[in-house]
Amino acid sequence: MQVIRVVASLGALLALSECVPVDTNQDSELIDYESVHGQEMYRFKYETSDGQFREEVGMLVNVGTPEQELMVMGQYGFKSKDGGTMVMVMYTSGKKGYRARTVTRSARDADLRNKAFLSLLMG
């Protein structure tokens, strides 16, 4: 079972390496940034002019009990070299470990889904 996970992880990394971000020598600018910190939560997001983005929410659950834990969920992504494909990694992390799912979509569809995800996170 462990071998299957390693092989699957290596396959995902290989697929992602084919969709590297747009020209790394090109300067990109920060076009959106937000960061909120509370006593039992945090949230941040950013987006750059070359199509890279990241958003994350973390919160303490079961505060003050032996089951207290930090739960995190978020996503990050970038556009392929040709600009037509968006590579997104959605993840969660908690007591059961880190779980990620990589998705590739047309850039147009990805923009629509990203807006829907943001509306869920931001309320």
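The values are calculated or read from the model by the stated rules, or taken from the named source; none is laboratory data. It should be emphasised that the depicted structure is a prediction, and the values quoted were computed from it without experimental measurement. For neighbour counting, all protein chains shown are included, and Cβ atoms are generated from backbone atoms with ideal geometry for every residue, glycine included. For accessibility, only protein heavy atoms count, side chains too; no ligands or nucleic acids. Shrake-Rupley method; radii C 1.70, N 1.55, O 1.52, S 1.80 Å.
Among the aromatic types (Phe, Trp, Tyr) and at pLDDT below 95, is that true of PHE44?
Working: among the aromatic types (Phe, Trp, Tyr): yes; at pLDDT below 95: no.
Answer is no for this residue.
If only one of PHE53, PHE78 is touching a Pro at 6+ places or on another chain (Cβ under 6 Å) and either of a type in the set (Lys, Arg) or at pLDDT 85 or above (or both), which one is it? Working first, answer last.
On the way: PHE53 fails: touching a Pro at 6+ places or on another chain (Cβ under 6 Å).
Being touching a Pro at 6+ places or on another chain (Cβ under 6 Å) and either of a type in the set (Lys, Arg) or at pLDDT 85 or above (or both) holds for just one of PHE53, PHE78, which is PHE78.
Out of all the residues in the stretch 62-87, which are surrounded by 12 or more Cβ atoms within 10 Å (Cβ to Cβ) and touching a residue at least 24 places away in the same chain (Cβ under 8 Å)?
GLU69, LEU70, GLN75, TYR76, GLY77, PHE78, LYS79, SER80, LYS81, THR85, MET86, VAL87
Hey, GLN26 hits all of (1) open to solvent by less than 90 Å² (accessible area, probe 1.4 Å); (2) of a type in the set (S, T, N, Q); (3) at pLDDT below 90 but one; which does it fall short on?
So the condition that GLN26 fails would be (1).
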